[in-house]
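First up is the structure itself, then whatever we jot down about it.
The values are calculated or read from the model by the stated rules, or taken from the named source; none is laboratory data. Keep in mind it's a predicted model, so treat the numbers as computed, not measured. Cβ sites come from the backbone with ideal geometry, for glycine too, and all protein chains shown count toward neighbours. In case anyone asks, the SASA skips ligands and DNA or RNA and just uses the protein heavy atoms, side chains included. Shrake-Rupley method; radii C 1.70, N 1.55, O 1.52, S 1.80 Å.
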Amino acid sequence: MSVTEKQLKSFARLARLDFPDSELEAFKGEFEEMIAFCDSINSSVQGDAASIREVGSRRIEWEDLREDVVQQSLPEEKILSNVNGENGYFTVKRVVK
C-alpha cells in the first residue's frame, strides 16, 4: 500500500507528531513497511483459523469466587493529604470540552 504525503501528514497530526519535511520521506518508507508487515499477518491467518492458537474461554464457576470481605478503609483526611481535594473529592483538570 502506497501512502501519500497528505495522508502521512494527516496521520502525524492525529498522533500529535511533528516531522520536518526532510524526515517525512524517510518516515514514509518506514510507515509503508509497517503496513506491509500488518498485511502479511492478516493474509497469513485470513480464512484458515486453524493456525491460530486457541485461547478458549476460562469459565469460572460461582463457587470458585472468593467471598467479599468488608475491611476498614483509610480515613478521608489521609487519602486527601497529598492531593488538592475539595469536599472529599479529588480535583482534576477538565479534559473534555
Matching residues, the range 85-95, being within 30 Å of the chain's Cα centre (by Cα), open to solvent by less than 100 Å² (accessible area, probe 1.4 Å) and not β-branched (V, I, T): G85
Could you go through the range 62-84 and let me know if any residue there is open to solvent by less than 100 Å² (accessible area, probe 1.4 Å), over 22 Å from the mean Cα position of the chain (by Cα) and either under 30 Å from S2 (Cα atoms) or at pLDDT below 80 (or both). no
Residues of the range 18-43 being of a type in the set (A, V, I, L, M, F, W, C) and either in a helix (DSSP H, G or I) or modelled with pLDDT of 85 or more (or both), in sequence order, are L24, A26, F27, F31, M34, I35, A36, F37, C38, I41
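Going through the range 44-61 one residue at a time, which ones are open to solvent by 100 Å² or more (accessible area, probe 1.4 Å) and modelled with pLDDT of 65 or more? I'd like the intermediate steps shown before the answer.
Taking the range 44-61 first, the residues open to solvent by 100 Å² or more (accessible area, probe 1.4 Å) are 46, 53-55, 57-60.
Selection gives R58, R59, I60.
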Can you pull out the residues in the range 21-32 that are within 22 Å of the chain's Cα centre (by Cα) and exposed (fewer than 10 other Cβ atoms within 10 Å of the Cβ)? E30
